[in-house]
Amino acid sequence: MAARAYWQGQIRLALVSIPVEIYTATKSGAQISFKQIHEPTGKPIHYEKVVTGVGPVDTDEIMKGFEYEKGEFVLLEQDEIDAVKLESKKTLELTQFVDAAEIDVLYYEKPYFVVPADELAEEAFIVLREALRRTKKVGLGQLAMRGREYVVSLKPCGRGMVLETLRYADEVNKAQGYFRDIPDAKPDEDLMELAQALIEKKTGAFHPQDFHDRYVDALKELVERKRRAKGRKIIEDTSDEPAGRSGSNVVDLMAALKKSMEKPGAAPAKDTARAKKPAAGKAPAAPAKKPAAKKRA
């Protein structure tokens with residue numbers, strides 16, 4: 001395998017140990033990188049590591065320090081940090097199994113591919129993979145990588161497995177603080193039926209290659225236009241953009257959902273939005289025309 005393993009060690013399940021290698025499953029996409037430039041000279045700005053009262057210092061004079069009280073530090077060498085003994089630096093012990101649905105999406109952080117380290121590990125690796133698949137469970141354990149211990153989950157993925165690092169409970173904000181002002185109200189059934197019909201119309205298979213970063217594309221175009229304009233300021237016309245907030249009411253929402261269903265290429269919308277009773281304080285809508293009577297045979 002061409003890629004370099006991010007972590008090498010073993011997965012332990014009771015008395016069974018499986019040598020494995022872990023590889024990063026994701027990569028950075030296309031990005032536009034900006035540098036800070038000194039406008040009068042057009043030259044890039046650099047950063048220096050400085051000490052107050054001393055000035056710039058060499059990197060070999062820099063150590064890691066922990067501030068145990070204001071202005072007082074414990075200095076640590078890198079080899080002292082590397083020598084900290086933690087079993088999870090080389091062993092992922094599966095200590096619990098749960099249904100995947102029990103882990104809130106907020107806790108998932110980053111995925112890694114897991115493969116057997118050699119041919120001798122393949123049989124036990126496959127047994128664990130298929131046991132997880134048949135029981136529809138996710139394995140949980142803790143693993144130390146790159147100076148930190150993570151809670152991780154392990155699940156089948158094709159012929160291999162995927163390990164995902166999870167956030168600790170104190171790293172996830174409580175949702176109640178953000179959602180408490182949202183009213184606990186039941187939605188109008190007619191609106192719900194229209195919304196569900198719109199969702200069904202737009203339902204399809206997920207093809208990740210169909211999506212790309214349009215903001216990066218727009219920035220690339222801006223850079224090219226700016227280059228051709230030889231420094232002239234370029235501001236996009238945003239007058240046609242929809243407003244960020246809307247004071248729309250239920251009637252507007254109903255009209256918007258109906259209009260969404262009537263867009264070209266849309267499947268014919270069912271007459272699900274027919275009002276069961278008029279809203280308070282509003283005149284009832286005119287009755288719909290009756291369909292023409294069918295001819296008798």
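The values are calculated or read from the model by the stated rules, or taken from the named source; none is laboratory data. No experiment lies behind these values; they were computed from the predicted model shown. Here the Cβ positions follow ideal geometry from the backbone for every residue, glycine too, while neighbour counts run over all protein chains shown.
When the range 191-214 is filtered for residues that are closer than 28 Å to L257 by Cβ and surrounded by 10 or more Cβ atoms within 10 Å (Cβ to Cβ), the ones remaining, listed by number, are L191, M192, E193, L194, A195, Q196, A197, L198, K201.
Does K220 satisfy the condition of being closer than 24 Å to K259 by Cα and either part of a loop (DSSP other than H, G, I, E, B) or at pLDDT below 85 (or both)?
On the way: closer than 24 Å to K259 by Cα: no; either part of a loop (DSSP other than H, G, I, E, B) or at pLDDT below 85 (or both): yes.
For K220, the condition - closer than 24 Å to K259 by Cα and either part of a loop (DSSP other than H, G, I, E, B) or at pLDDT below 85 (or both) - is not met.
Can you report the number of residues in the range 125-148 which are in a helix (DSSP H, G or I) and surrounded by fewer than 18 Cβ atoms within 10 Å (Cβ to Cβ)? Going through the range 125-148 one residue at a time, the tally reaches 7.
When the range 29-43 is examined, which residues are found to be farther than 30 Å from H212 by Cβ and among the hydroxyl-bearing types (S, T, Y)?
T41
Elements of the type strands (runs of 3 or more DSSP E) sitting completely within the range 1-120 and holding at least 3 residues that are modelled with pLDDT of 90 or more, under 29 Å from A169 (Cβ atoms) and of a type in the set (A, V, I, L, M): these cover 16-24. Every listed requirement among (1) surrounded by fewer than 18 Cβ atoms within 10 Å (Cβ to Cβ); (2) under 20 Å from W7 (Cα atoms); (3) touching a Leu at 6+ places or on another chain (Cβ under 6 Å) is met by V172 save one, (2).
State all residues of the range 188-204 that are of a type in the set (V, I, T) and in a helix (DSSP H, G or I); if no residue qualifies, say none. Write out each step before concluding.
Restricting attention to the range 188-204, the residues satisfying the condition of being of a type in the set (V, I, T) are 199, 203.
Result: I199, single match.
Here is a yes/no grid of residues against (1) polar (S, T, N, Q); (2) touching a strand residue (DSSP E or B) at 6+ places or on another chain (Cβ under 7 Å); (3) under 20 Å from K110 (Cβ atoms); (4) touching a residue at least 40 places away in the same chain (Cβ under 8 Å):
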position	(1), (2), (3), (4)
R159	no, no, no, no
V162	no, yes, yes, yes
D184	no, no, no, no
L198	no, no, no, yes
D210	no, no, no, no
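Contact map, the range 130-143: residues that are under 22 Å from G9 (Cα atoms) paired with residues that are surrounded by 12 or more Cβ atoms within 10 Å (Cβ to Cβ) and of a type in the set (D, E), Cβ distance under 6 Å, separation 6+ or inter-chain. Pairs shown: G141/E93; Q142/E149.
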